[in-house]
Structures are given as structure tokens and as C-alpha cells.
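**Student:** Here it is, the structure, as C-alpha cells.
Read the figures in this text as sums done on the coordinates, not as results from a lab. These numbers were taken from a predicted model, which means no experiment stands behind them. Note that each Cβ is placed from the backbone with ideal geometry, even for glycine, and that neighbours are counted across all protein chains shown.
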Amino acid sequence: MKSFVISGITLAVAAMVLCNCHTQKKTAASTSTSAVTFTGNVKSLVETKCAPCHIPDKGGNKKALNNYDNLKSSIGDVITRINLNPTDRGFMPARNPKLSDAEIAVFTQWRDAGTPE
């Protein structure tokens, strides 16, 4: 009987610890997502990774993505295309290496946070 009580207590403590860890991870993820903004994070990434094609000042003739309104209205398509493989039709950035997972995550987090300026 004593062994059964100790096992039950151990199981309850383990369940509380696991539930608490999950909540902390979720809170940390949502905090980092809400911290991503166009001006603070996304614009500089666009200017370095999407140039010259999407930067008119650098001679680009495609839709200007260094403009908040343009990128906001196109973010779904941009995320789809940067997630493609370089051999896939529509891959971006064309003729350049695939963005890193961390760089792609910036775009995704920005979209998920509601595309704050």
C-alpha cells in the first residue's frame, strides 16, 4: 500500500513538471513571435536577401518588398516561395542560396504576429 501511494505521488509530481515545462516553452515562443516587426527585423532581411530583384533602389524590377504594405499584402506567397527548394519553379530568392531556417522563421513569425510595422 505504501509503495502504491509513493508511486501515485511521484506520478502526480512528474505530470505537474511536464505540464509546466510545456507552458513555459509556449510562452517563450509567443513572446519571441510578437517581438518580430517589419522595421526591426524583416526589412533588413529583405534588403540583404531579396536584392536586387525586389529593391527598386538597387535596380530591381519586381514588386518592391522593402515596402511594408507591399510585403504585408504578399507575405503568404513570399513564405511559400522561400520554403521551396532551389530546383522548384517559383523558388525565391532566384539564383541565390536558400534562406536559412532562422531567416525563414523571421518571415513566418512576423506573419503569425499579425505583421506589425
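**Student:** Give me the Kirkwood hydrodynamic radius of region 49-104 in Å, from all C-alpha pairs, to one decimal place?
**Tutor:** With all distinct Cα pairs of region 49-104 included, I get 11.6 Å.
**Student:** Which order do peptides 92-98, 77-83, 56-62, 105-111 fall in by mean Cβ count within 10 Å, highest first?
**Tutor:** Descending mean neighbour count gives 105-111, 77-83, 92-98, 56-62.
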